[in-house]
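A short worksheet on the structure shown next.
Please treat every number below as a calculation from the coordinates, not as lab data. This one's a predicted model, so the numbers in the text were calculated from it and none came from an experiment. All Cβ positions, even for glycine, are placed from backbone atoms using ideal geometry, and neighbour counts span all protein chains on display.
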Amino acid sequence: MSRATPLTIDMVAVQRRTVAVLVAGQILGGLGIGATLSLGSVLAADVSGNDAFAGAAATLSTLGAGLAALPLARLTERFGRHTSLAVGTMISVLGTILSVLATALVVFPLLLLGFTFLGAGAAVGLQSRFAATDVASTRHRSRDLSIVVWSATIGSVAGPNLVGPGEVVAAWVGMPTLTGSFLIGVAAQLVAAIVYFAALRPDPYFLGRAGTDQLEITQPEVASRNRGRVLLAISVLAISHAVMVSVMSMTPVHLMHHGAPLAEIGATLSVHIAGMYGLSPIFGWLSDRVGYPAVILGGQILLGLALAVISQGSVGIGLVLLGLGWSASTVAASAMLSSLLSGTARARVQGRSDLVMNLAGALGGAIAGPVLATAGYEGLSAVAAIPVVMVVVAVTIDALRATQPSPLRLR
């Protein structure tokens, strides 16, 4: 395999092309993911015949994303981003097909397997944001990452609104009504896989690694501080994701119990997903300007406000704030993590970060179902506020320590 070096190509042009390809892949892949987010819990409850299993969609798709994280990271190390992102997308396509078959045959275990494979699509989205930083300049790292995160808005917002067209497709092919939007997602994800594999060249991972191998940090004091902040960044990602998944995954069931039609559920989740991705470039710009800790703290405040609003019964507004809080925290913490990694450690640690993040989300989704059944939607919001407070305390302490003289100062 021929691998270009930073000395033989225009790195600015490569970064521009990389971001463009990632944006295209995120838009197409987001269609399938958005459809899954909007209908997954409804399908799980419908096929199983028990609302207690409504959280299985979010739990297993998130778990699947975690399980895919390390294998995709290994693929990146060996074959580059273009291969790992394409393979992850194809696994997600298989998950969509299995979900459609399981719904048609009313086989709940097969549906669970489909949800697990669908998680690979989420893993691709997470690794795409890191791919945007492989050859990004220090000044624009957060901005480029946030642009890729933002691009998922288009597909992810459109995905939940595929319910209407999906019903037409399902009727045309003789499948259950709820599976039509999944079929549309399959076509979009197939195109995304082709885009990743064919257009993400030269591979940004190999270029970034070649340019940073010589910059590995070796001083014990600096390395020790890096490890602490790496753990903090991963913790912020994991907890923010768990809070978002736990509340978001139970929203369709909550709304259905109150008589909301599928179209209203799709629209509600669309505004939530718009909050998750729509303003991410602003949070990226702020991270580059005012620093990662400030944006993370702002994100946690938004999460807290979201939970407070939801507890008062304003689901729509609460979900928008929930998405904004997740976005600010995820963009800033992801950029912070990327700034701490270089060389061969980059893909491995990023993969472990995605694993922890998705396992936390799976745990949040698993806990959310029983909490919803016993304490209701408002009680779920109250429980989710506990880890938010923990993050605020941890980031505040780290920011105060960062004001002291040290050999490493992070923005």
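Pull out the extension gain between Gln312 and Thr177, defined as 0.36 nm times the separation in residues minus the alpha carbon to alpha carbon distance; nm, one decimal.
Residue separation times 0.36 nm, minus the Cα-Cα distance, leaves 45.3 nm.
Hey, what D do you get for region 266-341 in µm²/s if you plug the Kirkwood alpha-carbon radius into Stokes-Einstein at 4 °C and 1.567 mPa s?
In µm²/s, the coefficient is 105.
Fewest Cβ neighbours within 10 Å first, please rank His254, His82 accordingly.
His254, His82
At each listed q (0.06, 0.10 Å⁻¹), what is the log10 of I(q)/I(0) that the Debye formula gives for the chain modelled as equal alpha-carbon point scatterers?
After summing over all Cα pairs, the log10 values are -0.22, -0.61.
Based on the mean of other Cβ atoms within 10 Å per residue, sort peptides 241-252, 309-320 so the most packed one is first.
241-252, 309-320
Which angle between 0 and 90 degrees, to the nearest 10, do you get for helix 280-290 versus the longest principal axis of the chain when only C-alpha atoms count?
30
Compare the peptides 278-285, 86-93, 116-123 by average per-residue count of other Cβ atoms within 10 angstrom and give them in order, highest first.
Highest-to-lowest ranking by the protection proxy: 116-123, 86-93, 278-285.
Treat each spin label as a single point 7 Å out from the Cα along the C-beta direction, and report the Arg139 to His258 distance in nm.
Result: 4.8 nm between the two label points.
Relative contact order of the chain, please, whole-number percent, based on alpha carbon pairs below 8 angstrom and at least 6 residues apart.
Computed value for the chain: 25 percent relative contact order.
Tell me the angle of helix 180-199 to the major Cα principal axis of the chain, expressed in degrees between 0 and 90 and rounded to the nearest ten.
On a 0 to 90 degree scale, this one is about 20.
Against the longest alpha carbon principal axis of the chain, how many degrees, from 0 to 90 and to the nearest 10, is the axis of helix 141-158 turned?
The angle comes out near 10 degrees.
Quick one: if you stick a label point 7 Å off each Cα along the C-beta vector at Ala52 and Leu94, how many nm between them?
3.2
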